[in-house]
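The block underneath contains the structure these notes are about, expressed in structure tokens.
Every read-out reported here was derived from the displayed coordinates using simple, explicitly stated rules and does not represent laboratory data. From a predicted model like this one, the values you see are computed outputs, not experimental measurements. All Cβ positions, even for glycine, are placed from backbone atoms using ideal geometry, and neighbour counts span all protein chains on display.
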Amino acid sequence: MTVRMDNVGIVVEDLAAAVEFFRELGLELEGQTVVEGEWAGRVTGLGYQRVEIAMMRTPDGHGRLELSRFLEPSVIADHRNAPVNALGYLRVMFAVDDIDETLGRLRKHGSELVSNEVVRYEDVYRLCYVRGPEGILIGLAQELS
């Protein structure tokens, strides 16, 4: 049996800001479209829906991130300010070459460290969580080798 992760999805309010944030991180915009209709709602269980989607791809081509802005139906819950230990909370981890340089670029987009520091895990990684636009939580990991 073969299983391959296709993408991780994040619902956002400001699609353009989210796209720019992830571009700054190093992802590439693969495509952008509007998905709508009753057929799409059968997949999600929402009925008729209209969603603007931007598909982002990691430079190595192995990972994708789907950013979605719901036009119909309206968003009904907001988890952006939930603590990182909230049930069902989403965090995506990205491996980067230089965590300090990456943080400098992301700060231009309003990102902030969750714990105000980059933590060293033994002699293996430097790690941190960052909140980006709309409180999106991502992790950054720099391998130390």
What nm value, rounded to one decimal, do you get for the distance between L87 and R50 when each label is placed 7 Å out toward the C-beta?
3.5
Residues whose placed amide H lies under 5 Å from that of V96, excluding near-sequence neighbours:
A141, Q142, E143
Rounded to whole Hz and in sequence order, give me ³J(HN,Hα) for region 64-81 from the Karplus expression 6.51 cos²θ - 1.76 cosθ + 1.60, θ = phi - 60°, writing x for Gly and Pro.
9, 10, 9, 9, 10, 10, 7, 9, 8, x, 5, 5, 10, 9, 9, 9, 5, 9
Please rank I76, I99, fewest neighbouring Cβ atoms within 10 Å first, as an exposure proxy.
I76, I99
Distance between Cα centroids, region 93-129 to region 55-71: provide it in whole Å.
20
Is the C-alpha gyration tensor of region 92-143 telling us rounded, prolate or oblate? Criteria: a/c under 1.5 is rounded; beyond that, a/b larger than b/c is prolate, otherwise oblate.
prolate
Would you mind checking which residues have amide H under 5 Å from E30's amide H? H placed 1.01 Å from N; only 5 or more apart, or other chain.
M55, M56, R57
Using each residue's phi in region 130-135, evaluate 6.51 cos²θ - 1.76 cosθ + 1.60 at θ = phi - 60° and report the 3J(HN,Hα) Karplus result to the nearest Hz, with x for Gly and Pro.
10, 9, x, x, 6, x
Counting only residues 5 or more apart in sequence or on a different chain, those whose built amide H sits under 5 Å from that of E13 are none
Least to most buried among Y129, Y48, by other C-beta atoms within 10 Å and fewest first, runs Y48, Y129
Residue-wise HN-Hα coupling along region 50-60, computed from phi with Karplus coefficients 6.51, -1.76, 1.60 (Hz; x: Gly, Pro):
9, 9, 8, 10, 10, 9, 10, 10, 5, x, 7
Based on the Kirkwood radius over alpha-carbon pairs, what is the Stokes-Einstein translational diffusion coefficient of region 1-76 at 20 °C with 1.002 mPa s viscosity, in µm²/s?
163
